[in-house]
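J.: Pasting a structure below so you can have a look.
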């Protein structure tokens with residue numbers, strides 16, 4: 001971004017701070033948000049600008065995201081949720097039988113399990129993650145929203161022993177070879193590597209997740225976020241299931257497995 005591209009709302013002092021921080025190529029709306037977050041303090045804006053220079057996403061700078069109309073705290077201990085996952089959650093809210101037991105795998109900041117409990121108080125909702133740091137963020141969000149959701153440390157479902165779920169919902173890392181934008185490539189190192197993609201390659205985590213569930217011999221229906229992956233790429237998962245529904249809405253989608 002050239003100096004002339006900085007928005008007209010930016011004062012000379014704010015522009016100077018952005019210039020001194022070496023910010024370029026940052027969308028105007030993100031710079032505007034930094035100004036808003038600073039509350040008129042030049043020192044706060046300078047710190048925000050320097051953090052932004054090193055690729056820190058605005059979600060971490062502001063400290064929260066909004067998912068399905070609710071705010072959820074996020075920081076570098078957890079992945080920043082993707083808006084397109086809201087469609088999967090709405091499907092689970094609609095499909096879940098009354099009083100069902102729902103287990104979320106890979107909860108991150110906990111927004112999915114918390115939303116399910118708030119939208120469907122009749123459900124028994126539990127959530128798991130391999131990362132204790134992410135679980136701490138999730139617990140903070142559950143307390144903030146006033147819901148009781150047990151958060152369990154587990155590799156997929158291997159370490160879950162206290163419940164037999166009726167439904168499993170998962171939004172776990174699956175990528176690794178997508179054509180990310182320059183900004184996405186800059187922001188990814190700021191997020192937990194375990195929450196982004198597996199070095200073993202694309203789809204591999206989804207296969208391992210399904211194996212983990214299958215080993216439990218549960219009769220649970222699985223709702224699995226698959227993002228940009230087309231049905232062809234999902235064959236290693238889908239072919240092992242008795243029945244699979246792939247829902248694609250524009251670029252993104254999910255599968256329902258039984």
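The values are calculated or read from the model by the stated rules, or taken from the named source; none is laboratory data. Quantities reported herein were computed from a predicted structural model and do not represent experimental measurements. Note that each Cβ is placed from the backbone with ideal geometry, even for glycine, and that neighbours are counted across all protein chains shown.
J.: Does residue 89 fit the bill of being assigned by TED's automatic domain parsing to the domain that holds residue 131 and farther than 15 Å from residue 170 by Cβ?
T.: Numbers: assigned by TED's automatic domain parsing to the domain that holds residue 131: yes; farther than 15 Å from residue 170 by Cβ: no.
Here the answer is no, as residue 89 does not meet what is asked.
J.: Another question, then. Quick test for you: out of 134, 142, 138, pick the one residue that is in the same structural domain as residue 99 (by TED's automatic domain parsing) and in contact with a strand residue (DSSP E or B) (Cβ under 6 Å, 6 or more places away or on another chain).
T.: One residue alone meets the criteria, 138.
J.: Step by step: first the residues of the stretch 166-197, then only those that are modelled with pLDDT of 70 or more and in a strand (DSSP E or B), then the one that is surrounded by the fewest Cβ atoms within 10 Å (Cβ to Cβ). Which residue is that? First the steps, then the outcome.
T.: So the first thing to find is which residues in the stretch 166-197 are modelled with pLDDT of 70 or more, and the list is 166-174, 187-197.
Then drop every residue that is not in a strand (DSSP E or B), which leaves 167-170, 197.
Numbers: 167: 21, 168: 25, 169: 29, 170: 25, 197: 18.
Ranking the candidates gives 197 first.
J.: Could you check, for the stretch 215-230, whether at least one of its residues is within 25 Å of residue 81 (Cβ to Cβ), out of contact with any helix residue (DSSP H, G or I) (no Cβ under 9 Å at 6 or more places or on another chain) and at pLDDT 90 or above?
T.: No, that holds for no residue.
J.: Determine whether residue 84 is surrounded by fewer than 16 Cβ atoms within 10 Å (Cβ to Cβ) and closer than 17 Å to residue 196 by Cα. Don't jump to the end; show me each part of the working.
T.: Working: surrounded by fewer than 16 Cβ atoms within 10 Å (Cβ to Cβ): no; closer than 17 Å to residue 196 by Cα: yes.
So residue 84 does not fit the description; no.
J.: Do we find that residue 224 is in a loop (DSSP other than H, G, I, E, B), in the same structural domain as residue 91 (by TED's automatic domain parsing) and buried (at least 17 other Cβ atoms within 10 Å of the Cβ) in this structure?
T.: Details: in a loop (DSSP other than H, G, I, E, B): no; in the same structural domain as residue 91 (by TED's automatic domain parsing): yes; buried (at least 17 other Cβ atoms within 10 Å of the Cβ): yes.
Against the criterion (in a loop (DSSP other than H, G, I, E, B), in the same structural domain as residue 91 (by TED's automatic domain parsing) and buried (at least 17 other Cβ atoms within 10 Å of the Cβ)), residue 224 does not qualify.
J.: Any residue that is touching a helix residue (DSSP H, G or I) at 6+ places or on another chain (Cβ under 8 Å), in a strand (DSSP E or B) and closer than 22 Å to residue 155 by Cβ - is there at least one of those in the stretch 78-90?
T.: No; the residues of the stretch 78-90 include none that is touching a helix residue (DSSP H, G or I) at 6+ places or on another chain (Cβ under 8 Å), in a strand (DSSP E or B) and closer than 22 Å to residue 155 by Cβ.
J.: Does any residue in the stretch 35-49 that is within 16 Å of residue 20 (Cα to Cα) come within less than 8 Å, Cβ to Cβ, of a residue that is loosely packed, with under 12 Cβ neighbours inside 10 Å six or more places away or on a different chain, and which pairs are these?
T.: 35/9; 42/13
J.: Name the residue, out of 71, 98, 52, that is modelled with pLDDT under 95 and either outside any helix (DSSP H, G or I) or touching a helix residue (DSSP H, G or I) at 6+ places or on another chain (Cβ under 8 Å) (or both).
T.: The match here is 52.
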